[in-house]
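Colleague: One structure coming up, written as structure tokens, with questions to follow.
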Amino acid sequence: MPKSARAEVQPASLEDEITQAAIERLQEGGAGRMQEMMISLTRHLHGFIRDVEPTEEEWMAAIRFLTATGKKCDDQRQEFILLSDTLGATMLVDAINHRKPGGATESSVLGPFYREGAPDYENGADLAEGETGGESVLVSGRVVDLEGGPIAGAVLDIWQTAPDAIYAAQDPSGSSYNLCGRITTEDDGRYWFRTRKPVSYTVPGDGPVGAMLEAAGRHNWRPAHIHFMLSAAGYETLVTQLFTDDDPYLDTDAVFGVKDSLVVHYERGDEGLRLDHDFVMTAT
């Protein structure tokens, strides 16, 4: 049935009554944060339906999409997180929950490939295992507070893709910590380690979220980056990423994680690539 014909069949007042009844049922049934969120969800969901006026077939297709998204989830993969990421919802939640004062390092998403339990290394160590290829790079800098004072004993938990665009967390054996590690700052706040220059990679495209991206005319690439999670006594934990400035996907990151302040430049010298970057943490 054409949209205009459907509009003639159902009076607008009845449509409004359905929404109001659903909200009143929630208002009668409880209180607190859960009630607040459910009322808002209902209001916005009904608003979306009014806006696009889906056919019953389209609505069932949406339900089948969500069902398939749930079925794609397992212990190694969370398709709903991928859906949240690719809709920009994850970064919006991150932005709301990690509002930073001027001068502080901005946050970014944790991502699905963080592996707990990475080994502790001394400063100067190489995080690459065995015969890992790619361009070697020396990463160094300081961890400081908002006044520029050094933060001694700050732990940098680091992870990234290998040159083959695979994270250690994707290793089926579950034992690899290649290009993952924990470095602790010196008394002057300095840290340094060796790794490999990260590469662009694709988020999973073989599930319902991949099909959604294709249907929307979007790609599933992420620009090259290194993940960091910094922790120190008396400071807010900082989860962030450093993005390579010559990557072709900086402006179209599939998960909207790029922030201008997190785009960095790799210098090339006599001893190879070098990246210098200071992190600024905020006190709790």
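Colleague: For the chain, what is the calculated [θ] at 222 nm in deg cm²/dmol (nearest 500), taking -39500 (n - 2.57) for each run of four or more DSSP H residues and dividing by its residue count?
Modeller: -9500 deg cm²/dmol
Colleague: If you don't mind, another one. For the stretch 186-230, take N as its residue count and report Rg(C-alpha) divided by 2.2 N^0.38 Å.
Modeller: Taking the Cα Rg and dividing by 2.2 N^0.38 Å, one obtains 1.81.
Colleague: Right, here's the next one. Students often get this wrong: which residues of the stretch 104-119 have the backbone nitrogen under 17 Å from the point 7 angstrom along Cα-to-C-beta of ILE166?
Modeller: It comes to 113-115, nothing else.
Colleague: With the Cα gyration tensor of the chain giving a ≥ b ≥ c as the square roots of its eigenvalues, does the rule (a/c under 1.5 for rounded; else a/b larger than b/c for prolate; else oblate) give rounded, prolate or oblate?
Modeller: Judged from the Cα gyration tensor, the chain comes out prolate (a/c at least 1.5, a/b above b/c).
Colleague: Percent of Cα-Cα pairs more than 23 Å apart in the stretch 160-284, please.
Modeller: Above the 23 Å cut-off, the stretch 160-284 has 42 percent of its Cα pairs.
Colleague: Same structure again: Could you pull out every whole DSSP H run in the chain that spans at least 15 Å of Cα extent along its own axis and averages 0.0 or higher on the Kyte-Doolittle scale?
Modeller: The answer is none, since no helix passes both cut-offs.
Colleague: Could you please state how large a percent of the accessible area of the chain is carbon and sulfur, counting protein chains only and using a 1.4 Å probe?
Modeller: Taking all protein chains in place, the chain shows 53 percent carbon and sulfur surface.
Colleague: Across the stretch 131-172, how large is the tail of the calculated P(r) beyond 15 Å, expressed as a percent of all Cα pairs?
Modeller: That tail contains 61 percent of the Cα-Cα pairs.
Colleague: May I pose another question? At 7 Å along the Cα-to-beta-carbon direction for both THR42 and ALA61, put a label point, then send me their distance in nm to one decimal.
Modeller: The answer from the label model is 2.9 nm.
Colleague: Hey, what's the stretch 234-273 come to in accessible area per residue, 1.4 Å probe, Å²? Display every interim value, and only then the final one.
Modeller: Values: 2140 Å² over 40 residues.
Accessible surface, normalised per residue, equals 53 Å².
Colleague: Take ILE96, project a point 7 Å from its Cα along the Cβ direction, then tell me which residues of the stretch 14-36 have their backbone nitrogen under 18 Å from it.
Modeller: In the stretch 14-36, the label zone of ILE96 (backbone N under 18 Å from the point 7 Å along Cα→Cβ) covers 32-36.
Colleague: Moving to a separate point now. Of the GluC sites (Glu not before Pro) in the stretch 182-284, which ones lie in a loop per DSSP and count no more than 10 other C-beta atoms within 10 Å? Before the final figure, lay out each step's value.
Modeller: Numbers: sites: GLU186, GLU214, GLU236, GLU267, GLU271; in loops: GLU186, GLU236, GLU271.
Here the sparse-neighbourhood loop sites are GLU271.
The values are calculated or read from the model by the stated rules, or taken from the named source; none is laboratory data. Every value quoted in this text rests on a predicted model; they were computed, and no experiment measured them. Cβ coordinates were reconstructed from backbone atoms using ideal geometry, including for glycine residues, and neighbour counts include every protein chain displayed. The area values use the complete protein model at the heavy-atom level, side chains included, leaving out ligands, DNA and RNA. Shrake-Rupley method; radii C 1.70, N 1.55, O 1.52, S 1.80 Å.
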